[in-house]
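Right, one structure below, let's go through it.
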Amino acid sequence: MKDLGVVKKILRMEINRNRSVGKLFLSQQAYVEKVLKHFNMNNAKLVNVPFATHFKLPVDMSLKIDEEMEHMSSVPYSSTVGNIIYAMVCNRLDISHVVSIVSRYMGQDE
């Protein structure tokens, strides 16, 4: 077995250590930036709160006309939500409520 030195990345998470205070920091900034770029959202507006309280997604919100269905068939919604779920599970628990809401619509992109 060979010593490869201090680990800097694992499972797409960057690891930063501050040994003097005994803290370990995990960051997914590079992963999130890659996902945003992949889905052409790298210029999206940043917000401090993951989900505004006034924003509502009604359960009955569904694709009703053929034009909407045709447009959404080209949107990789499930893939986008899946990438967000990965970030949430690793270290972004603050977005779990938002992910649970948007994942309700995953079955509609088929």
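Structure data summary
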quantity	calculated
Segment ARG104-SER78, extension gain: residue separation times 0.36 nm, minus the distance between their alpha carbons	8.3 nm
Förster radius 30 Å - calculated FRET efficiency between VAL21 and LYS56, Cβ distance, rounded to 0.05	0.10
At R0 = 22 Å, FRET efficiency that the Cβ-Cβ distance of MET13 and PHE39 yields, to 0.05	0.65
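Each reported figure results from applying straightforward, stated rules to the coordinates on display, with no laboratory input. No experiment lies behind these values; they were computed from the predicted model shown. Using ideal geometry, Cβ is built from the backbone for each residue, glycine included, and neighbour counts are taken over all protein chains shown.
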